[in-house]
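Colleague: Can you keep this structure in mind? I'll have questions shortly.
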Amino acid sequence: MSGNLLLDTNVIIRFVNGVTELFSLFDDEEKLFVSSVTVGELMYGAEKSSKRDFNHEHFLGLCEALHIITPDSDIAVQYGLIKAQLKKKGRPIPENDIWIAATAMAGNLTLVTSDSDFEGIDGLKLMKA
């Protein structure tokens, strides 16, 4: 999967909301992946939104056009390593972000995000969006 990208929740939200500088990122959907954790975050956001139906349809439709990765034992191992590393550094981040980072690392994917929480994770390949 080298050279492929894992899209963070904030990137998908910004893309659906029409942030044009992200459009070129979506030119080759074969190289784009999304964690099932991100899908869950998007569905939660849609449920509490005033534009529930619109957001649900657009978020889910986009995610289904990409490769959705569900947690497996490799991702779980990475999760444990990342969480222990962050605890040792005294730099906790949200649980869902650890799962997303673990998904990227287990799949040798570059995480595309605008979230600075991921910067403290050793060995995680990042692309700022």
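Colleague: Name the residue, out of LYS87, LYS83, LYS51, that is surrounded by fewer than 13 Cβ atoms within 10 Å (Cβ to Cβ) and modelled with pLDDT of 95 or more.
Modeller: Only one candidate qualifies: LYS87.
Colleague: Inspect all residues belonging to the stretch 72-93 and state whether any of them is of a type in the set (A, V, I, L, M) and in contact with an Asp or Glu (Cβ under 6 Å, 6 or more places away or on another chain).
Modeller: The answer is yes, given that some residue of the stretch 72-93 is of a type in the set (A, V, I, L, M) and in contact with an Asp or Glu (Cβ under 6 Å, 6 or more places away or on another chain).
Colleague: Out of the stretch 108-123, which residues are surrounded by fewer than 20 Cβ atoms within 10 Å (Cβ to Cβ) and assigned to a loop (DSSP other than H, G, I, E, B)?
Modeller: ASN108, SER114, ASP115, ASP122, GLY123
Colleague: On the given criteria, is GLY45 without any contact (Cβ under 8 Å) to a residue 24 or more places away in the chain and of a type outside the set (Phe, Trp, Tyr)?
Modeller: no
Colleague: Continuing with the same structure: What pairs can you find where one residue is in the stretch 48-62 and free of Cβ contacts under 8 Å to residues at least 60 places away in the same chain, the other is surrounded by fewer than 14 Cβ atoms within 10 Å (Cβ to Cβ) and of a type in the set (Asp, Glu), and their Cβ atoms are less than 9 Å apart, with a gap of 6+ or different chains?
Modeller: ASN55/GLU47; HIS56/GLU47
Colleague: Looking at the stretch 90-109, is at least one residue farther than 30 Å from THR20 by Cβ, in contact (Cβ under 8 Å) with a residue 12 or more places away in the chain and either of a type outside the set (A, V, I, L, M) or touching a strand residue (DSSP E or B) at 6+ places or on another chain (Cβ under 8 Å) (or both)?
Modeller: The answer is yes, given that some residue of the stretch 90-109 is farther than 30 Å from THR20 by Cβ, in contact (Cβ under 8 Å) with a residue 12 or more places away in the chain and either of a type outside the set (A, V, I, L, M) or touching a strand residue (DSSP E or B) at 6+ places or on another chain (Cβ under 8 Å) (or both).
Colleague: So which residues in the stretch 21-37 are under 17 Å from LEU111 (Cβ atoms), at pLDDT 85 or above and either out of contact with any Gly (no Cβ under 9 Å at 6 or more places or on another chain) or part of a loop (DSSP other than H, G, I, E, B) (or both)?
Modeller: LEU32, VAL34, SER35, SER36, VAL37
Colleague: Are any residues in the stretch 63-80 assigned to a helix (DSSP H, G or I), touching a residue at least 24 places away in the same chain (Cβ under 8 Å) and not polar (S, T, N, Q), and if so, which ones?
Modeller: Residues satisfying the conditions are CYS63, ALA65, ASP74, ILE75, ALA76, VAL77.
Colleague: ARG91 versus (1) in contact with a helix residue (DSSP H, G or I) (Cβ under 9 Å, 6 or more places away or on another chain); (2) over 18 Å from THR113 (Cα atoms); (3) not in a loop (DSSP other than H, G, I, E, B): which is the lone unmet condition?
Modeller: Failed condition: (3).
The values are calculated or read from the model by the stated rules, or taken from the named source; none is laboratory data. All values reported here derive from a predicted model rather than from experimental measurement. Glycine gets a Cβ as well: all are built from the backbone with ideal geometry, and neighbour counts include every protein chain shown.
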